[in-house]
Amino acid sequence: MNCMLVKYASEISLKGLNKRYFEDLLVTNIRKTIGNGYRIQKESGRMYIDAYTDELADKVRKTFGVIGVAKAEITEKDMDKIGEIAIAQMRQLKNVRTFKVESKRGDKSFPLQSLEISREIGAMILRNVEGLDVDVHNPDIVVNVEIRDKAYIYTKLLKGVAGMPYGSAGKGVLLLSGGIDSPVAGYMMAKRGLELVGVYYHSHPYTSERAKEKVIELARKLAVYTGSVKLYVAPFTEIQMEIIEKCKENELTIIMRRYMMQVAEQVAKKENALALITGESLGQVASQTLESMMVTNSELEIPVFRPVVGMDKTEITEIAREIDTFETSILPYEDCCTIFVPKHPKTRPRLDEIKKSEEVLDKEKLIANCMANMEIIKINNMQ
Amino acid sequence: MNLVYLDNSATTKPHKEVIVEVADCLEHFFANPSSAHRLGVEAEKKLKSAREKIAAFIKSKPQEIIFTSGGSEANNMAVLGLVSKGDHIITSKIEHPSVIKLLQDMEKDSYEVTYLDVDCDGVVDLEQLKSAIKENTKLISVMYVNNEIGSIQPVQEIVSIVRENSRKAKVHVDAVQAFGKLRINVKELGADMVSISAHKIHGPKGVGALYIREGLRLRPLIAGGGQEFDIRSGTENLPGISGFGIAVEMLALDFEEKQQYIRELKQHFIEGLKNFDKIRINSPIDDKHIDNILNVSFEGVRGEVMLHALEDYSIYVSTGSACSAKKGAHKNYVLPALGLSTAQAEGAIRFSFSFMNTIEEIDYTMDAVKKILPVLRRITK
């Protein structure tokens, strides 16, 4: 019989009195991705799920907080039977030259102590599997034996995505553009436990339905990790038109971004979210200079998280590939940032100047209209 | 207004009769036409009947019709099935991607290709054609009607020029956009191969045909069970083929009346456009031009933006051709070949009509354009 052993971040075990809360949330999140048909047992810093398939393991592996998943074989608390399984597991592995056995004796009535179990199982493996050596310091593989209600044996540990349980840190609003950076930024914050609500700015008829579909697809890819994502589609045409008609050309982008942030903050208020998340990377484009970031932030009460601010495109792309958003992000549909790009945007905007330029706009009305016509889409993990 | 579909050159809405036929074949004639049993024989009869209908319509023999998966496959088959390395092929600069992209790839692989220029009306230069024909010229492939602006090529003249100047060169005509709009009589046309497609004439998608003049032998692109006279193996798409047959049958009913009606729609549309300023009709408006396609540039408005704005009124059109809708994937090459500037080409909208459209729909579209234009032209930055 098999089961799945789930190891989770040591950070969770260090949460003192709140440890229960984090563990329970992790269980809830795992259940959300694998369904309710399984028994999940918590025990001394790990969890056991009463089934194992590769598909199931991949889902659990992608749950934030999980650092490793292994297929554990269960047998009676009998040294010969344990040895048999350990030998069989070692025979299946390729390119392994050294190993060690690590044992844990939860059931203190078991006659052998941990070290004795390890020594004996190790000897059995050495006798029965050719070409192996023991290396207790730097082994290729660790054979784990745990004696509890039954004996559990596992070798290969699949790496989990780590982080903190999704939703454990509160809620944030992600400005999702359709590019490479913003999904990565969302992923990184979700990994720290922040629940994501997305906002996408749609400028119909200047952007196509396909650009919106692309963003929905990106949200769906994030939902592989988060379970689901709520996406606000903000009608942005009126705001953009007003800015383009009434403001200076070289200030279009910066003013537009100030509006995006303020719309996102309204969404955050509605959602009881306490932060905004953007995919800005310092100096990447004109609107991502330090001055621009200061100017886009100035009207906001809540913090703006920019998890990729210190990363370059290569580093961001690497994560995008890992979380499978890259191929979608590079589809060539225009988003609202790529239309009406001024020829020479201001790279060092001054707050007082921008504020003065903005006076011609009826901000309350524009933002209220945008909020009133918001489309809300609930996107589930369709994996 | 429910839905105004003015994108009939991209594809058409199938006839009710076609839908019924396709469903009927799926349900009742599911047997393999090659099977020896009675069910197989019944399916084969269906296949034969569709082939005969199409042959009769274009005045060919049934055995000269090879069913394919559509226009693109028919075009690929005509080119790849005929030529060998070292051969010279002549085509135009405004062909469909299924010809032009294929030939561009083949050029890298010891084939020689000449791309004929077109004039501002999108018609090939016949003098240039004449001088391009060489000793090793094996194929001249031209489209009968251009899919983006609707210009008609003088195919019969092209065929005579080829016959006068070469004994071995063959002529392939991509008639996908012409089929169902112009009367096609393959004997009068004189071409060696002609491609047609079902979904442009209110038939099902995924089915087309290549007419191959009797006596001309092509190398098969798909090896297998020897269906379609050993030229195109693979179990026949009977529901599609039979639906194609019905669509052709429907086409033959009131053919001239339908064409006349579409001409009136176009005239009405052109009249309506006169109410707007700063508009350029990119299609030639004369007998060198098909009636169901009208390509128009609205100055100061990007075609893509116009397209999305029209969507708000449930009016569906194309920018350039449907295949170039994916930006970046295929850069539009047809309009620049006619001498349009980048701004004019980017502002181009293709309206394409069918007998299913109405005068009311045209009026409704004009009203929509009237409302949209000033709004979109507000922004000229």
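The values are calculated or read from the model by the stated rules, or taken from the named source; none is laboratory data. These numbers were taken from a predicted model, which means no experiment stands behind them. When we count neighbours, we look across all protein chains shown, and the Cβ atoms used for this are built from the backbone with ideal geometry, even at glycine.
Tallying residues that are touching a helix residue (DSSP H, G or I) at 6+ places or on another chain (Cβ under 9 Å) and not β-branched (Val, Ile, Thr) within segment B:135-172 yields 15.
Going by the structure shown, is A:Glu43 in the same structural domain as A:Arg119 (by TED's automatic domain parsing) and either in contact (Cβ under 8 Å) with a residue 24 or more places away in the chain or aliphatic (A, V, I, L, M) (or both)? When the stated conditions are applied, A:Glu43 passes them. Looking at segment A:344-363, is at least one residue of a type in the set (Val, Ile, Thr), in contact (Cβ under 8 Å) with a residue 60 or more places away in the chain and in a helix (DSSP H, G or I)? Yes, there is a match, as at least one residue in segment A:344-363 is of a type in the set (Val, Ile, Thr), in contact (Cβ under 8 Å) with a residue 60 or more places away in the chain and in a helix (DSSP H, G or I). The strands (runs of 3 or more DSSP E) falling completely within segment B:197-315 that include 3 or more residues that are under 19 Å from the mean Cα position of the chain (by Cα) map to B:208-212, B:293-298. Please go through segment B:297-315 and pick out each residue that is within 12 Å of chain A (Cβ to nearest Cβ) and not hydrophobic (A, V, I, L, M, F, W, C). Across segment B:297-315, the qualifying residues are B:Arg302, B:Gly303, B:Glu304, B:His308, B:Glu311, B:Asp312, B:Tyr313. Being more than 14 Å from A:Leu276 (Cβ to Cβ) and away from every other protein chain (no Cβ under 13 Å) holds for only one residue in A:Gly198, A:Gly178, and it is A:Gly178. In segment B:272-294, the residues that are acidic (Asp, Glu) reach residues that are part of a strand (DSSP E or B) with C-beta atoms within less than 9 angstrom, at least six apart or across chains, in these pairs: B:Asp287/B:Ile152.
Restricting segment A:276-292 to residues that are closer than 18 Å to A:Leu176 by Cβ and assigned to a helix (DSSP H, G or I) leaves a set whose member that is farthest from the other protein chains (Cβ to nearest Cβ) is A:Gln288. Filtering segment A:348-365 for residues that are away from every other protein chain (no Cβ under 14 Å), aliphatic (A, V, I, L, M) and under 18 Å from the mean Cα position of the chain (by Cα) leaves an empty set. Exactly one residue out of A:Glu213, A:Glu271, A:Glu238, A:Glu265 is in the same structural domain as A:Lys313 (by TED's automatic domain parsing) and without any contact (Cβ under 8 Å) to a residue 24 or more places away in the chain: that is A:Glu213.
Scanning segment B:133-173 for residues that are assigned to a helix (DSSP H, G or I) and crowded, with 18+ Cβ neighbours inside 10 Å yields a count of 5. Select from segment B:205-216 the residues that are surrounded by fewer than 24 Cβ atoms within 10 Å (Cβ to Cβ) and either of a type outside the set (Gly, Ala, Ser) or touching a helix residue (DSSP H, G or I) at 6+ places or on another chain (Cβ under 8 Å) (or both) and write down the one among them that is nearest to B:Ser72 (Cα to Cα). The residue in question is B:Gly206.
Once segment B:84-116 is narrowed to residues that are farther than 25 Å from B:Ser151 by Cβ and small (Gly, Ala, Ser), the residue that is modelled with the lowest pLDDT is B:Ser110. Looking at segment A:98-132 only, could you name the residues that are polar (S, T, N, Q) and over 33 Å from the mean Cα position of the chain (by Cα)? The answer is A:Thr98, A:Ser109, A:Gln113, A:Ser114, A:Ser118, A:Asn128.
Scanning segment A:133-160 for residues that are over 31 Å from the mean Cα position of the chain (by Cα), part of a strand (DSSP E or B) and of a type in the set (D, E, K, R) turns up just one, A:Asp133.
Looking only at residues in segment B:365-381 that are more than 14 Å from chain A (Cβ to nearest Cβ) and within 27 Å of B:Val145 (Cβ to Cβ), the one that is surrounded by the most Cβ atoms within 10 Å (Cβ to Cβ) is B:Thr365. What about A:Ala268, is it surrounded by fewer than 24 Cβ atoms within 10 Å (Cβ to Cβ) and at pLDDT 95 or above? Yes; evaluated as a whole, the condition is true for this residue.
In this structure, is A:Ala273 surrounded by 19 or more Cβ atoms within 10 Å (Cβ to Cβ), part of a loop (DSSP other than H, G, I, E, B) and at pLDDT 95 or above? So A:Ala273 fits the description; yes. Answer yes or no as to whether B:Ala343 is surrounded by fewer than 20 Cβ atoms within 10 Å (Cβ to Cβ), modelled with pLDDT under 95 and within 14 Å of chain A (Cβ to nearest Cβ). The answer is no for B:Ala343. Of B:Ile362, B:Ile349, all but one fail to be surrounded by 21 or more Cβ atoms within 10 Å (Cβ to Cβ), within 14 Å of chain A (Cβ to nearest Cβ) and either touching a Lys or Arg at 6+ places or on another chain (Cβ under 8 Å) or not acidic (Asp, Glu) (or both); the exception is B:Ile349.
Per-residue answers, yes or no, for (1) of a type outside the set (Gly, Ala, Ser); (2) touching an Asp or Glu at 6+ places or on another chain (Cβ under 9 Å); (3) at pLDDT 95 or above:
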site	(1), (2), (3)
B:Val118	yes, yes, no
B:Asp121	yes, yes, no
B:Asp125	yes, yes, no
B:Asn136	yes, yes, yes
B:Ala175	no, no, yes
B:Met193	yes, no, yes
B:Ser197	no, no, yes
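Scanning segment A:298-311 for residues that are closer than 26 Å to A:Ala211 by Cβ, at pLDDT below 95 and in the same structural domain as A:Arg210 (by TED's automatic domain parsing) turns up nothing.
Filter segment B:329-358 down to residues that are part of a loop (DSSP other than H, G, I, E, B), of a type in the set (Lys, Arg) and under 15 Å from B:Leu265 (Cβ atoms), then give me how many there are. Qualifying residue count for the region: 0. Here are the criteria: (1) more than 21 Å from A:Ser208 (Cα to Cα); (2) assigned to a helix (DSSP H, G or I). Tell me which single one A:Met256 does not satisfy. Failed condition: (1). The single residue among A:Lys42, A:Lys59 that is modelled with pLDDT under 95, surrounded by fewer than 17 Cβ atoms within 10 Å (Cβ to Cβ) and not in a loop (DSSP other than H, G, I, E, B) turns out to be A:Lys42. Which members of segment A:113-149 meet the condition of being crowded, with 17+ Cβ neighbours inside 10 Å and under 17 Å from A:Met4 (Cα atoms)? Scanning segment A:113-149 gives A:Val143, A:Asn144, A:Val145, A:Glu146, A:Ile147, A:Arg148. Among the residues of segment B:346-381, those that are of a type in the set (Phe, Trp, Tyr) and closer than 26 Å to B:Asp254 by Cα comprise B:Phe351, B:Phe353, B:Phe355.
The set of residues in segment B:184-200 that are under 18 Å from B:Phe244 (Cβ atoms) and surrounded by fewer than 24 Cβ atoms within 10 Å (Cβ to Cβ) comprises B:Ile184, B:Val186. For segment B:29-76, the set of residues classified as of a type in the set (Asp, Glu) and surrounded by fewer than 19 Cβ atoms within 10 Å (Cβ to Cβ) consists of B:Glu42, B:Glu44, B:Glu52, listed by residue number. In segment A:204-249, what residues are away from chain B (no Cβ under 14 Å), among the hydroxyl-bearing types (Ser, Thr, Tyr) and over 30 Å from A:Ile67 (Cα atoms)? Passing the criteria: only A:Tyr232.
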